[in-house]
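A.B. asks: For reference, the structure I am asking about is given below.
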Amino acid sequence: QVQLVESGGGLVQAGGSLRLSCAASGRTFSGYGMGWFRQASGKEREFVAAISWSGRSTYYADSVKGRFTISRDDVKNTVYLQMNSLKPEDTAVYYCAADNRRFRPTVVPITGTDFDSWGQGTQVTVSS
């Protein structure tokens, strides 16, 4: 099974940027749809962004559209989340996830049930 490890989180001022990385090990995630979710303290985990197995389609929650960009590099076995214009409400633990059903088309709405493998999360804190 694919194992996912997130990195790149930290403390940043409002308006700043961070780039999260999700590195896969155990096997390649080529052919896997990938996603990012986040969970703020006291709140439910929510969808942030996803990218299709081909990398040709991306999807974003309304709250991050225009500010976040998801991308993937199957050679490096890594998925990225570039976060710009960060707001205090972006503060959360961010989780990477993989859909282990290879080549499955991405269907909206995207939820956590679409994914099978999850990383341990990386903390993002945005100060005002």
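A.B. asks: Pull up the cross-link candidates among the lysines for LYS76, meaning alpha carbon to alpha carbon under 19 Å and not fewer than 8 places away within one chain.
C.D. replies: Once the sequence-local lysines are set aside, nothing remains near LYS76.
A.B. asks: Please get the size of the charge dipole for the range 62-128, origin at its Cα centre, with Cβ charges of +1 on Lys and Arg and -1 on Asp and Glu, quoted in debye to the nearest 20.
C.D. replies: Its charge dipole is roughly 160 debye.
A.B. asks: Rounded to the nearest 0.05, what FRET efficiency do VAL108 and LYS76 give with R0 = 30 Å and r taken as the Cβ-Cβ distance? Could you check?
C.D. replies: My answer for the efficiency is 0.65.
A.B. asks: Choose one of LEU18, GLY55, GLY35: the residue whose Cα lies farthest towards the positive end of the charge dipole of the range 1-102 (beta-carbon charges +1 Lys, Arg; -1 Asp, Glu; about the Cα centre).
C.D. replies: Looking along the dipole axis, the top candidate is GLY55.
A.B. asks: Treat every Asp and Glu Cβ in the range 1-52 as -1 and every Lys and Arg Cβ as +1, leave all other atoms uncharged, and give the resulting dipole magnitude about the Cα centre to the nearest 20 debye.
C.D. replies: 40
A.B. asks: Pull up the cross-link candidates among the lysines for LYS65, meaning alpha carbon to alpha carbon under 21 Å and not fewer than 8 places away within one chain.
C.D. replies: LYS43, LYS87
A.B. asks: Relative to the Cα centre, what is the charge dipole magnitude of the chain, using +1 at the beta carbon of each Lys and Arg, -1 at the beta carbon of each Asp and Glu, and rounding to the nearest 20 debye?
C.D. replies: Dipole magnitude for the chain comes out near 240 debye.
A.B. asks: Counting other Cβ atoms within 10 Å, which trypsin sites (Lys or Arg not before Pro) in the range 1-55 have at most 14 and lie in a DSSP loop?
C.D. replies: ARG27, LYS43
A.B. asks: Report, to the nearest whole %, how much of the accessible area of the range 62-128 belongs to carbon and sulfur atoms, 1.4 Å probe, protein only.
C.D. replies: Values: 1790 of 3410 Å².
Percent of accessible area from carbon and sulfur atoms in the range 62-128: 52.
A.B. asks: How far apart, in nm, are two points set 7 Å out from the Cα along the Cα-to-Cβ line at ARG101 and at ALA23?
C.D. replies: Using points 7 Å along Cα→Cβ, the separation is 3.1 nm.
A.B. asks: Taking only protein heavy atoms and a 1.4 Å probe, what accessible area per residue, in Å², does the chain have with all protein chains in place?
C.D. replies: 50
The values are calculated or read from the model by the stated rules, or taken from the named source; none is laboratory data. In this text the structure is predicted, and so the values were computed from the model without any measurement. With ideal geometry, Cβ positions are generated from the backbone for all residues, glycine too; neighbour counts draw on all protein chains shown. Areas reflect the complete protein model, heavy atoms only, side chains present, ligands, DNA and RNA absent. Shrake-Rupley method; radii C 1.70, N 1.55, O 1.52, S 1.80 Å.
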